[in-house]
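The values are calculated or read from the model by the stated rules, or taken from the named source; none is laboratory data. Here the structure is a predicted model, which is why all the values come from computation and not from measurement. Cβ placement follows ideal geometry from the backbone for every residue including glycine, while neighbour counts extend to all protein chains displayed.
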Ligand SMILES: Cc1cc2nc3c(=O)[nH]c(=O)nc-3n(C[C@H](O)[C@H](O)[C@H](O)COP(=O)(O)O)c2cc1C
């Protein structure tokens, strides 16, 4: 068993934690996390990934400012880094594998926060000995959550804080990208879709759109115009919205697997109309 609790509970407990205690992560927990990361070597679409836990030093936090991340991160004691080899779906695969690690870390009782930026030439890249054919689009800050007892309780009980998420009708469709999917039609897939909706995404843009087509669930990327150009166009970010799709795939598939809903991923463009919509087909879950 990879997780100690139901995946739905872990997904509901996760949030972007930006303030940590300065206590280093317990060696036993580090060991568990290292073992998990060492075993996370191939994404669901075949990309080779390399996931590593590195201890943070004070300079890492200030170094984050120069690489296009947003939001102030205080006292992270570790960073989970993930690199992907080149390939057509490499950023989706990396998003999937890193989010699986985020959920594992959440299950260990630690806080996490995704940080997306242009890390290729950063101190992280140097620490990892990044090869020229590897991509490092994001890192995950981690450590013990700082805060009052009330905030810590919230972390455990935070049930579906979906206030800041788009409603079903904007995300899930049937047949094409215009007809909203009803919960009745979603059937057994209500929970996987609901857990997908709680996934983190860069700037909370939630760029995923899902179309039910019989027994197949097509995943589309709805691009945010101008996103990824960086502040005033100065910092060129990696394509974080593709990473977001991998994160959504992870929440969806782990929940489906827990419910014993059989399925697998296939890339097979169904030809659904997307013209003029800034929408790109990515992958399908065939159940
Ligand atoms: C790929 C990616 C990149 C992100 N980059 C940053 C970042 O640079 N700084 C930050 O504070 N939060 C970052 N976030 C966190 C999002 O802002 C956060 O997931 C979103 O607002 C939803 O909030 P929640 O994670 O608390 O549910 C990132 C999230 C993702 C998935």
(request) Give the stretch 107-129 a look and list any residue that's under 16 Å from residue 76 (Cα atoms) and within 11 Å of the ligand (Cβ to nearest atom), or say none. (result) 111, 112, 113, 114, 115, 116
(request) Could you please give the count of residues in the stretch 236-257 that are surrounded by 24 or more Cβ atoms within 10 Å (Cβ to Cβ), farther than 22 Å from residue 225 by Cα and over 8 Å from the mean Cα position of the chain (by Cα)? (result) 3
(request) Looking for whichever is touching a residue at least 40 places away in the same chain (Cβ under 8 Å), crowded, with 16+ Cβ neighbours inside 10 Å and part of a strand (DSSP E or B) here; the options are 51, 45, 37. Which one fits? (result) 51
(request) Check residue 204 against each of (1) surrounded by fewer than 20 Cβ atoms within 10 Å (Cβ to Cβ); (2) closer than 24 Å to residue 227 by Cβ; (3) more than 16 Å from the ligand (Cβ to nearest atom); (4) under 20 Å from the mean Cα position of the chain (by Cα) and name the one condition it does not meet. (result) (3)
(message) I'm told residue 4 meets every condition in (1) under 17 Å from the mean Cα position of the chain (by Cα); (2) in a loop (DSSP other than H, G, I, E, B); (3) surrounded by fewer than 19 Cβ atoms within 10 Å (Cβ to Cβ) except one. Can you identify the failing condition by its number?
(response) (1)
(request) Filter the stretch 23-34 for residues that are within 24 Å of residue 125 (Cβ to Cβ), assigned to a helix (DSSP H, G or I) and in contact with a helix residue (DSSP H, G or I) (Cβ under 9 Å, 6 or more places away or on another chain) and give the result. (result) 33
(message) Of everything in the stretch 69-81, what is over 18 Å from residue 128 (Cβ atoms), touching a helix residue (DSSP H, G or I) at 6+ places or on another chain (Cβ under 8 Å) and within 13 Å of the ligand (Cβ to nearest atom)? Give them in sequence order.
(response) 70, 73, 74
(request) Would you check if there is a residue in the stretch 173-194 being within 16 Å of the ligand (Cβ to nearest atom), assigned to a helix (DSSP H, G or I) and at pLDDT 95 or above? (result) yes
(message) Going through 102, 139 one at a time, which residue ends up being in a helix (DSSP H, G or I), in contact with a strand residue (DSSP E or B) (Cβ under 6 Å, 6 or more places away or on another chain) and either closer than 15 Å to residue 15 by Cα or within 13 Å of the ligand (Cβ to nearest atom) (or both)?
(response) 102
(message) It is to be established whether one or more residues within the stretch 56-66 are within 14 Å of the ligand (Cβ to nearest atom), at pLDDT below 95 and not in a helix (DSSP H, G or I).
(response) no
